[in-house]
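Scroll down for the structure; my scribbles are underneath it.
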């Protein structure tokens, strides 16, 4: 268990702490092979060095983001604001986390990946891994 993610979660006020702990538990269960760490001040899970999923604290709640989520074809995931393929959902309570949806998105995150790990080497050009 990554203690830096524990510290991040514990630093949140309720109800954000409850959301973070639930997300972490579900992500760890569905992505046991993933490496998790604090990256750019937020908990992020990686497969083979490539960021897959993470969450962050916003003023309005906890944002769960999938780096390749735009290609998941999921209505509940909102597109990011940049030139990349991220999509996210915002939670204000743990009760809003739909475990069926989350498990499906986590599965898709292992099947649909853009190569963010080598983005700098490619001068900002994304390449699809699978």
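Length gained on full extension, residue 21 to residue 84: 20.0 nm, using 0.36 nm per residue less the C-alpha separation. Taking every alpha-carbon pair within the range 3-111, the share separated by more than 15 Å comes to 60 percent. Among 25, 108, 37, the ranking by other beta carbons within 10 Å of each residue's beta carbon, starting with the fewest, stands as 25, 37, 108. Among 35, 18, sorting on how many other beta-carbon atoms sit within 10 Å of each Cβ, with the fewest leading, yields 35, 18. Principal axis extents of the C-alpha atoms in the range 74-113 (largest first, rounded to whole Å): 31, 23, 14. Neighbour counts of C-beta atoms inside 10 Å place 59, 85 in the sequence 59, 85, starting with the fewest.
Fully extending the segment from residue 59 to residue 74, taken as 0.36 nm per residue of separation minus the present Cα-Cα distance, adds 3.0 nm. Computed extension gain for residue 103 through residue 4, at 0.36 nm per residue and net of the alpha carbon distance, reaches 33.3 nm.
Bear in mind that the values in this text are calculations on the coordinates, not laboratory data. All figures in this text were calculated on a predicted structure; none of them were measured in a lab. Virtual Cβ from ideal backbone geometry, glycine too; neighbours counted across all protein chains shown.
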